[in-house]
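S.K.: Starting off with a structure, shown below.
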Amino acid sequence: MIPRMTTVGTLKNYRYNLNQSNYTMGKAMNVVTSRRLFSSYAEDPALATRCFQIRRSYLRAESQYSVNESLRHKYDVAWSALDNISTDLYSRADDASIASIIRSATDSTGPGRLALGQSLCAKAKDIAQIMNGRYGENYVFAGADTLNAPFTWGPQVNPEYVEGGNFPKYLTPDGGTTNDPELASQGLYYRGVPVDSNNPADVEKMEYFLNGERKDIDVGLGHKEANGEAVSSTVFDSSLQGIYYLGGYGTKDGVKVEEDDGTTAGVVDQVPNNVISIVNELGQILQRCDEKTGDWHSKEDELRFRALSQELESTNSDFRERWTEMDTQSSFLRDNSELLTTTKDSLKQQYMELEDADPAAAISDFMFARYCYDAALKVGNSILSQSLMDYMNF
């Protein structure tokens with residue numbers, strides 16, 4: 001049976017086809033203007049899901065790259081600080097270095113030794129100031145607490161002091177002891193804990209700083225967690241403990257002072273491990289010398305000065321070893337930065353290939369859709385003319 005063709009039916013089919021042509025042309029125009037193959041999730045759910053996953057991976061890689069770059073610059077600042085400290089401590093070519101000042105102290109007169117003592121105490125404070133350097137608004141060598149200066153000065157604690165014991169708590173400038181902090185000499189503190197203290201409570205805090213405290217950062221190592229804590233091999237510990245690079249904390253006993261012929265001149269106890277404390281005490285001993293003759297304040301001071309000088313010289317290798325360890329970590333961050341850059345570029349290329357339309361193909365599709373729409377309008381003119389004649393004949 002042949003369907004009956006009426007004017008109303010013809011117009012209805014025409015409007016439907018015209019709307020379809022208009023929709024197709026509009027969609028093609030959106031592709032040309034947005035340069036994307038789809039504008040909503042409903043247009044292509046499978047492709048949109050895939051693009052979302054790749055974009056999420058790209059944004060994660062970009063965030064990891066940004067964090068890695070910040071850490072790399074922080075380590076560059078830290079490396080430069082240790083470089084300056086190495087020159088101040090151990091350089092023999094620099095007359096202003098601590099090693100040169102100590103050599104000069106043995107042959108100096110009274111006023112000369114006092115001046116050299118003042119220079120050494122000032123050098124100790126300079127090193128502490130360098131270690132209080134910041135990158136941006138954060139202190140570099142403050143461990144996980146980057147908002148407070150790590151190294152400060154306060155009453156010098158007696159290494160023999162233990163809570164509940166009989167020893168006075170502080171040391172005085174003349175080498176004595178006191179319980180009055182106002183009379184005490186200046187000593188080094190790290191994050192509020194006296195560096196030269198052997199008090200168990202202070203030692204526990206220092207041990208936590210060095211071995212327990214972490215500040216884990218995701219830099220693209222496959223971050224994972226176990227029992228609510230990050231797996232150490234999948235994160236980067238960004239905390240730099242300044243006390244670690246300067247020899248540690250506490251004191252040591254039984255330091256032998258040797259003569260030139262190899263014999264032992266004596267044994268000194270309670271020698272600081274930290275290089276800043278060593279330099280500071282060397283300066284204090286020199287300032288206790290006789291103002292006119294330069295004689296040592298006591299035989300104990302002379303022996304202790306030699307022990308401290310000897311100990312400072314022995315810290316050179318440990319300092320450089322830890323400095324090299326930092327350099328290794330800095331090199332890792334540089335290599336990781338290159339890897340993250342490659343990952344970012346690869347992910348960006350992937351989602352661009354999936355999302356972005358070929359400009360030439362998009363323009364061709366739009367021109368064809370527009371041609372179809374214009375043709376549909378021309379067909380509409382003939383349909384409307386026939387419908388008007390039919391109406392007049394009726």
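S.K.: Order the following by accessible area, largest value first: 55, 288, 113. Probe radius 1.4 Å; ligands, DNA and RNA are ignored.
M.R.: Final ranking, largest accessible area leading: 55, 288, 113.
S.K.: Round to the nearest 10 and report in Å² the accessible area of residue 367, as given by a 1.4 Å probe over the protein chains' heavy atoms.
M.R.: Around 100 Å² of this residue is reachable by solvent.
S.K.: Pick out, from 227, 265, 255, the residue whose Cα sits farthest towards the positive end of the charge dipole of segment 204-285, with +1 on the Cβ of Lys and Arg and -1 on the Cβ of Asp and Glu.
M.R.: Going by the charge dipole, the pick is 227.
S.K.: Ok, one more. Run the 1.4 Å probe and let me know the accessible area of residue 302, rounded to the nearest 10 Å².
M.R.: Approximately 60 Å² for this residue.
S.K.: In what sequence, largest accessible area first, do 74, 215 appear using a 1.4 Å probe?
M.R.: 215, 74
S.K.: Right, here's the next one. If you add up the charges near residue 341, with Lys and Arg at +1 and Asp and Glu at -1, over every other residue whose beta carbon is less than 15 angstrom from its beta carbon, what do you get?
M.R.: 0
S.K.: What are the aspartates and glutamates whose alpha-carbon lies under 12 Å from the alpha-carbon of residue 252, with same-chain residues fewer than 8 places away excluded?
M.R.: Partners within reach: 160, 196, 269, 311.
S.K.: Follow-up question, since we're still on this one. If you rank 193, 231 by how much accessible surface each has, with a 1.4 Å probe, what is the order from largest down?
M.R.: Result, largest first: 231, 193.
S.K.: Determine the per residue accessible area of the chain with all protein chains present and a 1.4 angstrom probe, expressed in square angstrom.
M.R.: Accessible area per residue, the chain: 57 Å².
S.K.: Under a straight-distance cross-link criterion of Cα-Cα below 12 Å, which aspartates and glutamates are reachable from residue 123, leaving out those fewer than 8 residues away in the same chain?
M.R.: 88, 281
S.K.: Sticking with this one: Taking 0.36 nm per residue of sequence separation and subtracting the Cα-Cα distance, how much length would be gained by fully extending the chain between residue 52 and residue 317, in nm to one decimal?
M.R.: Using 0.36 nm per residue and subtracting the Cα-Cα distance, I get 90.1 nm.
S.K.: Rolling a 1.4 angstrom probe over the protein chains, ignoring ligands and nucleic acids, what is the accessible area of residue 147 in square angstrom, nearest 10?
M.R.: Counting only protein heavy atoms, residue 147 exposes about 130 Å² to solvent.
S.K.: For the chain, take the longest principal axis of its alpha carbons; what is the angle in degrees between that and the long axis of helix 110-131, to the nearest 10 within 0 to 90?
M.R.: Roughly 20 degrees between the two axes.
S.K.: Between residue 349 and residue 19, what is the label-to-label distance in nm when each label sits 7 Å out along the Cα-to-Cβ direction?
M.R.: A separation of 4.6 nm, rounded to one decimal place.
S.K.: Under a straight-distance cross-link criterion of Cα-Cα below 19 Å, which aspartates and glutamates are reachable from residue 292, leaving out those fewer than 8 residues away in the same chain?
M.R.: Candidates past the 8-residue exclusion: 107, 174, 301, 302.
The values are calculated or read from the model by the stated rules, or taken from the named source; none is laboratory data. Predicted, not measured: the structure shown is a model, and the values here were computed from it. Methodologically, a virtual Cβ is constructed for each residue, glycine included, from the backbone with ideal geometry; neighbour enumeration extends over all protein chains shown. Surface accessibility is based on the protein's heavy atoms, side chains included, excluding ligands, DNA and RNA. Shrake-Rupley method; radii C 1.70, N 1.55, O 1.52, S 1.80 Å.
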